[in-house]
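Nothing in this text is a laboratory measurement; each read-out follows from the coordinates by a stated rule. The shown structure was predicted, so the numbers you read here are calculated from the model rather than taken from an experiment. Counting neighbours? That spans all protein chains shown, and the Cβs are built from the backbone with ideal geometry, glycine included.
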Amino acid sequence: MSSALYGLLWLLSRTIGWICFRYRTIGRVPKQGGLLIASNHASYLDIPLLGCGISRRVWYMGRHDLFPIPLLNGLLQALGWIPLRIGRLDRDAFSKAVALIKEEKAVAIFPEGGRTMTGALKPGKPGIGVIVSQTGCRVVPTHIGGTFDVLPPGASWPRFRRVTVTYGEPLDFSSDAARLEGKAFYQHVSRTVMAKIAELGQVPNPGDGQAHAGPSHDLDARPAAKSCNAE
């Protein structure tokens with residue numbers, strides 16, 4: 001039942017996106033294998049417009065107080081929402097994400113930890129590195145462009161603006177895990193992913209050049225995650 005409803009909402013989101021926001025996607029997410037999809041976060045529209053460009057079911061980590069109505073809360077969790085307590089490491093939420101990835105599922109996360117209030121990228125938090133450390137999964141960096149203009153924080157009604165979602169090539173951190181551990185690894189993953197998101201969106205990197213993301217042939221020049229072909 002939840003799969004059928006998820007599919008219906010996916011189709012509805014995509015249709016609304018095409019009609020209202022000239023929605024388009026660049027790149028694609030691998031159809032198989034456990035992975036993280038890491039995106040910037042600027043609007044309440046990010047989850048549906050991120051997901052309707054992906055041709056597989058996705059589970060989403062989002063702040064726990066978005067849907068305080070118990071019945072709605074339960075329904076959305078059945079559809080794939082993983083409530084996440086902000087401001088600390090939520091072990092329950094992270095355990096659910098880790099378990100899903102180990103079951104070959106796709107989980108979406110917003111490394112910034114919340115919506116931007118200005119439209120600019122914020123530095124990523126290390127939580128994404130914890131999940132990568134525990135699963136060894138690849139990370140698909142993703143940039144959502146236009147949703148801040150459509151429905152910024154505080155807006156009551158959306159505006160008709162173009163929205164473009166760009167999915168990058170999956171990043172493999174296995175070689176970095178062999179030389180880094182603990183907080184150093186978590187921060188490296190977070191900074192690298194945010195640097196790649198900035199590159200995809202052609203916007204300033206919030207890490208001020210601390211991260212180095214790129215294809216594997218750059219490894220001789222600087223330590224970085226290895227990009228994998230999405231095929």
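At a glance:
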quantity: Residues of type lysines that Lys183 reaches as a straight line, Cα spacing below 23 Å, ignoring anything fewer than 8 places off in the same chain; calculated: Lys96, Lys102, Lys122, Lys125, Lys196, Lys226
quantity: Top positive-direction residue, dipole computed over region 2-227 with Cβ charges, set Gly182, Ile131, Leu84; calculated: Leu84
quantity: Cβ charges +1 (Lys, Arg) and -1 (Asp, Glu), total dipole of the chain, debye; calculated: 440
quantity: Exposure proxy order (Cβ contacts within 10 Å, fewest to most) of Glu103, Glu199; calculated: Glu103, Glu199
quantity: Ranked packing of 23-35, 3-15, most packed first, by mean Cβ within 10 Å; calculated: 23-35, 3-15
quantity: On Cα atoms only, tilt of 182-201 relative to the major axis of the chain in degrees; calculated: 60
quantity: Net lengthening on full extension, His64/Ala184 (0.36 nm per residue, minus Cα-Cα); calculated: 40.4 nm
quantity: Helix axis angle, 91-102 relative to the chain longest principal axis, alpha carbon, degrees; calculated: 80
